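What follows is calculated from the coordinates using simple rules that are stated; it is not laboratory data. All values derive from a computational prediction rather than experimental measurement. Quick reminder, even Gly has a Cβ in these numbers, built from the backbone with ideal geometry, and neighbours come from all protein chains shown.
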Amino acid sequence: MPRLEKCVKCGSTAIVHGAMVVHRHETQEHSLNLRVDADPAAIVFKKSVRSIMHAEVCSGCGYTELYADDPAALMNAFVQGHARE
């Protein structure tokens, strides 16, 4: 996962690394995921690939960047899905 060393907005070096990005549903929290379908035209079995997201947060101004933990897997699914077009 990339690490911000300096905020691109304010220049601060006070960065929170690897903050969890969560979705709260009723009484539980779940990691937020990105999803890419390798077979987007399928009705049921889309061969979905998911990756958990983490954030880099500037504690000076609040600027936040989101990163996928497994971008290569997302890209592979994307390429497979678009090869069928």
(message) Report every pair of residues separated by at least 6 positions or lying on different chains whose Cβ atoms are under 7 Å apart, first residue within the stretch 66-85 and under 14 Å from R50 (Cα atoms), second in a helix (DSSP H, G or I).
(response) A68/L74
(message) If R24 satisfies all but one of (1) surrounded by 10 or more Cβ atoms within 10 Å (Cβ to Cβ); (2) part of a strand (DSSP E or B); (3) more than 16 Å from the chain's Cα centre (by Cα), what's the number of the condition it fails?
(response) (1)
(request) Enumerate the strands (runs of 3 or more DSSP E) found wholly within the stretch 31-85, keeping only those where 2 or more residues are under 15 Å from the mean Cα position of the chain (by Cα) and closer than 18 Å to E5 by Cα. (result) 48-58, 64-68
(message) List pairs: first residue in the stretch 48-64 and acidic (D, E), second residue not in a strand (DSSP E or B) anywhere in the structure, Cβ distance under 7 angstrom, at least six positions apart or on different chains.
(response) E56/R3; E56/L4
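If you take the residues of the stretch 1-18 that are outside any loop (DSSP other than H, G, I, E, B) and either in contact with a Gly (Cβ under 9 Å, 6 or more places away or on another chain) or touching a residue at least 40 places away in the same chain (Cβ under 8 Å) (or both), which of them is farthest from N33 (Cα to Cα)? Reasoning before the result, please.
Residues of the stretch 1-18 outside any loop (DSSP other than H, G, I, E, B): 15-18.
Next cut, either in contact with a Gly (Cβ under 9 Å, 6 or more places away or on another chain) or touching a residue at least 40 places away in the same chain (Cβ under 8 Å) (or both) only: 15-16.
Details: I15: 22, V16: 20 Å.
Going through the qualifying residues, I end up with I15.
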(request) Report, by residue number, each residue of the stretch 47-76 that is surrounded by 15 or more Cβ atoms within 10 Å (Cβ to Cβ) and among the basic types (K, R). (result) R50
(request) Assess whether A14 counts as being more than 12 Å from the chain's Cα centre (by Cα), loosely packed, with under 14 Cβ neighbours inside 10 Å and of a type outside the set (D, E, K, R). (result) yes
